[in-house]
Each structure stands twice: as C-alpha cells, then as structure tokens.
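**Student:** One structure, pasted below without further comment.
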Amino acid sequence: MPQSVPSWAELLGSARESAVHLEMRDAYAAASEADELARWRATGTADTDPDSPYWRPWSELIRRAVARGVRVRRARIVSEPVSDYIRYEYATTVVNVAIGEEVRWLPRRQVSDLALPGNDFWLIDGRLIRWNHFTGDGASAPGEISEDPAAAQLCADAFAAVWARAIPHDEYKIS
C-alpha cells in the first residue's frame, strides 16, 4: 500500500542531515507559480524577495531546516539554450541561495552517461524519497513517497554524480 505524501513542512521538518532535490524538466506548469511566471514574462522582473508573501512559506521551511544543520542542495539539469521557463527559474534562484539552499546547474548534454531516475525527486537523509510527478504539459500531479533502499541508493548516486559535474549558480551563465 502506498504511503501518504507528507506536506512540505512535514517532509523538510523530518530532515536531520540532508535534503537534496534533482530537477530534470525544462518547463514546469505549477499552478502555484503561474501568476509570478506571467508577471515575469510580461515585465522581465521577478519577485526575488525571500520575505514576500509569495516566497515566505518556502523561505521559512528552508531557513528552519538550515538552522537545524540540514544541508539543502538543489541540482537542475537543463537543455541549452535554455527554455523561457528556465530563464525565469534562473532569475528567481537568488531567493533559493539567499535562504540557504546550494544550487547547481548542469547542461543536459553532460548527463548522457549518467543513470538517472525517471522523475524529479527530493531525497531526505539519503533514505526517504518524495517523487515529484507531472502531467504531460508540466502541471504538478500527486507526488509519491518511497523508502525503498534500492531506489534511495539510485537517487543518492544520481544526485551525487550530477552534483559533481554541475556548475554552482553564481558561476553558471544561461545561454
């Protein structure tokens, strides 16, 4: 029987040492960011205030985790030249970094020889996976939780391989 998917507060609140996130899509269509994405497309400016009403819930979760000593890392595999969505994500990554996340980018051409899971994921303390599922057009679909040791090892190995090759946010230049 599948486990229920905890809230982000529960998931990140359970982390004791590490929380790693691997993103592998060139576009996401999450309803929660539709207005901000539309504003960026229309004006070229993005909300980069970690304490704004838009960012505050996420900022508080990550700051609490980091304050407990959790290392939060995010790696993004991207096609180049990057999509408009990735340009938006790049513009807002300053928030992730400001609140304590480490973020790296890896061009997709550099991952051809890596074994990667079929879905984006969060891996908490190397043992608990939150699979992120999406519809064909990029909308968020219900997530899934797994504590399968083999899957957790696949995720840990994949993330480590991507992280080792990836470029730190402050050094990566979008094309």
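**Student:** Out of ARG73, ARG41, report the one residue that is in contact with a strand residue (DSSP E or B) (Cβ under 7 Å, 6 or more places away or on another chain) and of a type in the set (Lys, Arg).
**Tutor:** Details: ARG41 fails: in contact with a strand residue (DSSP E or B) (Cβ under 7 Å, 6 or more places away or on another chain).
From the options ARG73, ARG41, the qualifying one is ARG73.
**Student:** Would the range 42-55 turn up any residue that is of a type in the set (A, V, I, L, M) and within 22 Å of TRP131 (Cα to Cα)?
**Tutor:** So far as the range 42-55 goes, no, none of its residues is of a type in the set (A, V, I, L, M) and within 22 Å of TRP131 (Cα to Cα).
**Student:** For the range 136-152: of the residues being farther than 16 Å from GLU33 by Cα and exposed (fewer than 14 other Cβ atoms within 10 Å of the Cβ), which is modelled with the lowest pLDDT?
**Tutor:** This residue is GLY136.
**Student:** Within the range 79-96, is even one residue touching a helix residue (DSSP H, G or I) at 6+ places or on another chain (Cβ under 6 Å) and modelled with pLDDT of 95 or more?
**Tutor:** Yes - at least one qualifying residue is present in the range 79-96.
**Student:** Could you list, in sequence order, the residues of the range 117-130 that are surrounded by 19 or more Cβ atoms within 10 Å (Cβ to Cβ) and within 12 Å of MET24 (Cβ to Cβ)?
**Tutor:** Of everything in the range 117-130, those that are surrounded by 19 or more Cβ atoms within 10 Å (Cβ to Cβ) and within 12 Å of MET24 (Cβ to Cβ) turn out to be ASP120, PHE121.
**Student:** Picking from ALA38, ALA31, ALA19, ALA65, which residue would you name as being surrounded by fewer than 19 Cβ atoms within 10 Å (Cβ to Cβ), of a type in the set (A, V, I, L, M) and under 18 Å from the mean Cα position of the chain (by Cα)?
**Tutor:** ALA31
**Student:** Also: Can you find even one residue in the range 101-112 that is of a type in the set (Val, Ile, Thr) and within 14 Å of the chain's Cα centre (by Cα)?
**Tutor:** Initial filter on the range 101-112 (of a type in the set (Val, Ile, Thr)): 103, 111.
Pick out the ones that are also within 14 Å of the chain's Cα centre (by Cα) and you get 103.
Yes, the range 101-112 contains at least one residue that is of a type in the set (Val, Ile, Thr) and within 14 Å of the chain's Cα centre (by Cα).
The values are calculated or read from the model by the stated rules, or taken from the named source; none is laboratory data. It should be emphasised that the depicted structure is a prediction, and the values quoted were computed from it without experimental measurement. Note that we place each Cβ from the backbone using ideal geometry, even for glycine, and neighbour counts take in every protein chain shown.
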